[in-house]
1. Evaluate the distance, in nm, between pseudo-label points positioned 7 Å from the Cα of residue 88 and of residue 55 along their respective Cα→Cβ axes.
2. Taking the Cβ of each residue in 49, 65 as the centre, tally the other Cβ atoms inside 10 Å and list the residues starting with the fewest.
3. Please compute the modelled spin-label separation between residue 75 and residue 40, points set 7 Å along Cα→Cβ, answer in nm with one decimal.
């Protein structure tokens with residue numbers, strides 16, 4: 001009489017220590033999620049208040065730049081020995097009102 005393999009003989013036997021490996025993988029996943037969360041929080045920082053919008057070189061290390069601080073914009077001239085305020089430009093919000101910017105929506109202050 002020949003023995004036919006039963007359903008249990010087709011299943012790989014459980015190895016000792018598999019549960020420990022699975023627990024270690026789960027702990028590692030949890031630690032990685034904590035690290036990723038900390039990274040994601042630092043990636044969402046407050047936007048900068050001071051921004052260089054545009055700069056143009058005039059030669060001999062001289063520049064004219066438009067700088068924005070919060071809503072205010074300034075035209076700045078700089079050389080190797082000095083920095084000068086050339087003009088105060090219209091604020092971002094008031095410039096949007098004057099241009100009829102649809103993004104302003106009439107609620108700009």
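Every number here is computed from the coordinates shown, using simple stated rules; none is lab data. All values derive from a computational prediction rather than experimental measurement. Don't worry about glycine lacking a Cβ; one is built from the backbone with ideal geometry, like all the others, and counts go over all protein chains shown.
1. The answer from the label model is 2.4 nm.
2. Working: 49 9, 65 17.
In order of increasing Cβ crowding within 10 Å: 49, 65.
3. 4.6 nm
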